[in-house]
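The values are calculated or read from the model by the stated rules, or taken from the named source; none is laboratory data. Keep in mind it's a predicted model, so treat the numbers as computed, not measured. Cβ atoms come from the backbone with ideal geometry, glycine included; neighbour counts cover every protein chain shown.
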Amino acid sequence: MMLWILFCVFYMALSCLYSFWKAFRCSSWQRGIFSLAVCLAFPSCGLFLLLFLDWYGEKFSGRDLLNVYMDDTFHGEDLLLLREPDVQKELNLVPMKEALQLNDFSYRRKMIMNLLNEEDVLSYLDVLQEALGNEDTETTHYASAILMELQRKTQDLLVEREIRFQKEPWDPDAAAKWEELLYKVLLSGLFESAALERYYRSYYQVSDRLLSGELPSEQDYLHRIRILFLQENLTEAKDFCQRYLKRYPASEDAVLCLLEFYIKGKDAEGMREFLHSLPSLPVRLTQKTLPYIQIFQKE
């Protein structure tokens, strides 16, 4: 009798240890609870049954995969099944918004949580905002937590770069980094309108500093024009588009900015004059611009 009690205690201890190990290895408490339930449902043999299944699964897990290589009908795309998913590649290839519509809630949650590993989470802001309305409450909770953390980190980074700019106002690197972050924030819609007003003022301050330098970059002009378009300030946008093209007459992006201005401003006469002047510019146009040119030349 004493031996039977000791065996039961030993079996229970092993079952608990195995279940804990299973939960830790699979990163799933449900798997651990299931293993413990099997051990208790089949006293004395449940644990050994699970151990046998683990051994069998590991030993023969690769047998079916060999058919991918050795079968007469070889399908190259099947090799993708043998690789561990590349998160970055998956985020690029599978539209995140479509992933939020999948029935697999665990996949939705995993894709949302993987955004924490992204260097530029702001670029996925629209996905996070859409996830807030997801029917899966846990996915919504994850997205909300990430958004709050993103706002906090972005505010801290904005303060850090602003302080550096104020200490070193003539340092082009300090100005460029603050301008780039402000530009991303203004385009993202991460903050409420009250906060955005202050960020707009800060952006124009640092943008003016960069554009008044000896060699303002193309990015300095592009960002300023995009922000002016965003605020529908076409008067200033036209001035900066013309300054951009004058500074960089061989820039195709400068041409595109002016084309966009004439389209937004519905300035048909200005568009015709600009198209007539294009041949005199030292710019090489590509498929990025030519379709617009062809459309308006037919008008």
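Check every one of the helices (runs of 4 or more DSSP H) wholly within segment 131-236 and list those with 3 or more residues that are modelled with pLDDT of 80 or more, more than 25 Å from the chain's Cα centre (by Cα) and surrounded by fewer than 12 Cβ atoms within 10 Å (Cβ to Cβ). So that I can check it myself, show each step before the final result.
Working: elements: 137-167, 172-188, 193-211, 218-230.
Ranges flagged: 193-211.
The number of residues in segment 260-292 that are β-branched (Val, Ile, Thr), surrounded by 14 or more Cβ atoms within 10 Å (Cβ to Cβ) and within 19 Å of residue 236 (Cβ to Cβ) comes to 0.
For residue 250, are the conditions met, namely being surrounded by fewer than 16 Cβ atoms within 10 Å (Cβ to Cβ) and either part of a loop (DSSP other than H, G, I, E, B) or of a type in the set (Asp, Glu) (or both)?
On the way: surrounded by fewer than 16 Cβ atoms within 10 Å (Cβ to Cβ): yes; either part of a loop (DSSP other than H, G, I, E, B) or of a type in the set (Asp, Glu) (or both): yes.
For residue 250, the condition - surrounded by fewer than 16 Cβ atoms within 10 Å (Cβ to Cβ) and either part of a loop (DSSP other than H, G, I, E, B) or of a type in the set (Asp, Glu) (or both) - is met.
May I ask you to verify whether residue 245 is in a helix (DSSP H, G or I), within 35 Å of the chain's Cα centre (by Cα), modelled with pLDDT under 95 and aliphatic (A, V, I, L, M)? Spell out how you get there, then give the answer.
Working: in a helix (DSSP H, G or I): yes; within 35 Å of the chain's Cα centre (by Cα): yes; modelled with pLDDT under 95: no; aliphatic (A, V, I, L, M): yes.
So residue 245 does not fit the description; no.
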